[in-house]
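S.K.: Sharing a structure below in structure tokens format, with a few things to ask.
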Amino acid sequence: MSSEDKINHPSHYTKGGIEVIQFIDSWNLGFALGNCIKYITRAEHKHDSPKDDLLKARWYLQHEIEKRGFESEKTSEIAALEAEIALLKKDREVLKMTVSELGNSLISAYSRNVYGR
């Protein structure tokens with residue numbers, strides 16, 4: 001029988017000689033940052049893959065950044081890319097109109113030459 005205390009002292013929170021909750025409390029990290037630390041520290045130890053824990057840690061960190069009113073670099077980059085995409089879409093519509101107008105002009109010129117209209 002395992003001697004691990006899965007409720008009070010699970011092994012995925014007790015690596016490195018200090019429990020994660022002790023670290024979080026000693027630094028007064030609060031809920032979001034505390035959860036961020038919790039998910040990061042257990043990522044390699046609780047599940048087969050660390051992916052979900054790391055994504056959850058990122059979610060809590062992004063929540064804290066937004067709660068404090070900071071804009072992350074990623075958010076700035078995304079906003080810049082979205083603005084560029086909007087401009088490209090607008091340019092594409094102008095180009096479509098230009099191509100359409102050019103096509104109509106060519107058809108009119110051809111018709112005048114061939115049919116004399």
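S.K.: Quick one: LEU95 ticks every box in (1) over 22 Å from the mean Cα position of the chain (by Cα); (2) surrounded by fewer than 10 Cβ atoms within 10 Å (Cβ to Cβ) bar one, so which box is it?
M.R.: (2) is the only condition that LEU95 fails.
S.K.: What helices (runs of 4 or more DSSP H) completely inside the stretch 19-117 contain at least 3 residues that are assigned by TED's automatic domain parsing to the domain that holds ASP5 and closer than 30 Å to ASP5 by Cα?
M.R.: The helices (runs of 4 or more DSSP H) meeting that bar are 20-26, 30-42, 51-67.
S.K.: So, in the stretch 22-34, exactly how many residues are out of contact with any helix residue (DSSP H, G or I) (no Cβ under 7 Å at 6 or more places or on another chain) and not polar (S, T, N, Q)?
M.R.: Count: 4.
S.K.: Still on this model: For the stretch 62-114, what are the residues that are touching a Ser or Thr at 6+ places or on another chain (Cβ under 6 Å) and farther than 30 Å from ALA32 by Cβ? Give the steps one after another, and end with the answer.
M.R.: At the first step, the residues of the stretch 62-114 found to be touching a Ser or Thr at 6+ places or on another chain (Cβ under 6 Å) are 65.
Those that are touching a Ser or Thr at 6+ places or on another chain (Cβ under 6 Å) and farther than 30 Å from ALA32 by Cβ: none in the stretch 62-114.
S.K.: Return the residues of the stretch 35-57 that are touching a helix residue (DSSP H, G or I) at 6+ places or on another chain (Cβ under 8 Å) and free of Cβ contacts under 8 Å to residues at least 12 places away in the same chain; say none if nothing qualifies.
M.R.: HIS47
The values are calculated or read from the model by the stated rules, or taken from the named source; none is laboratory data. Just so we're clear, the structure is a prediction, and the values are computed from it rather than from any experiment. Neighbour counts are summed over all protein chains in view; Cβ atoms, including those assigned to glycine, are modelled from backbone coordinates with ideal geometry.
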